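Derivation of every value follows stated rules applied to the coordinates shown; laboratory data play no part. Keep in mind the model is a prediction, meaning the values are calculated, not measured. Virtual Cβ from ideal backbone geometry, glycine too; neighbours counted across all protein chains shown.
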Amino acid sequence: MSGAAQSLSFQDLIDAVESLPLDDQSMLVELINKRITEKRRAELVSEVEEAREAFRKGEVKHGTVEDLMKDLED
C-alpha cells in the first residue's frame, strides 16, 4: 500500500469515495472488483500448482469417501 493509503482510515476512504461523482464511483467499484478477481485467480493458480507438485511428489492420498472418513476419525 502506498503511504497515502496507509494514513487514511477506512471511514476516510469511504468518505473520499462518496465525494466522487457517481461515474467515478462506478469506475472505482469496477476496478476494485477486477483486481479482487485477479488476486483470487492468482491464489487459485498458486494452490493448483502446489497441489500438482504434491501429487508429483506422491504426497497425495487416494481413496474413497469411506477412507477419508476413517482418516478423519483417527
query: Which percent of Cα pairs goes in each bin when the distances of the chain are cut into 5 angstrom slices starting at zero?
result: 3, 12, 10, 13, 13, 9, 8, 7, 8, 10, 7, 1
- request: Could you pull out the trypsin sites (Lys or Arg not before Pro) across the chain that fall in loop regions by DSSP (anything but H, G, I, E, B) with no more than 12 other Cβ atoms inside 10 Å?
  value: 57, 61
Estimated FRET transfer efficiency (residue 8, residue 41; beta-carbon r; R0 35 Å; 0.05): 0.80
field: Size of electric dipole in the chain: Cβ of Lys, Arg +1 and of Asp, Glu -1, about Cα centre, debye, nearest 20
entry: 340 debye
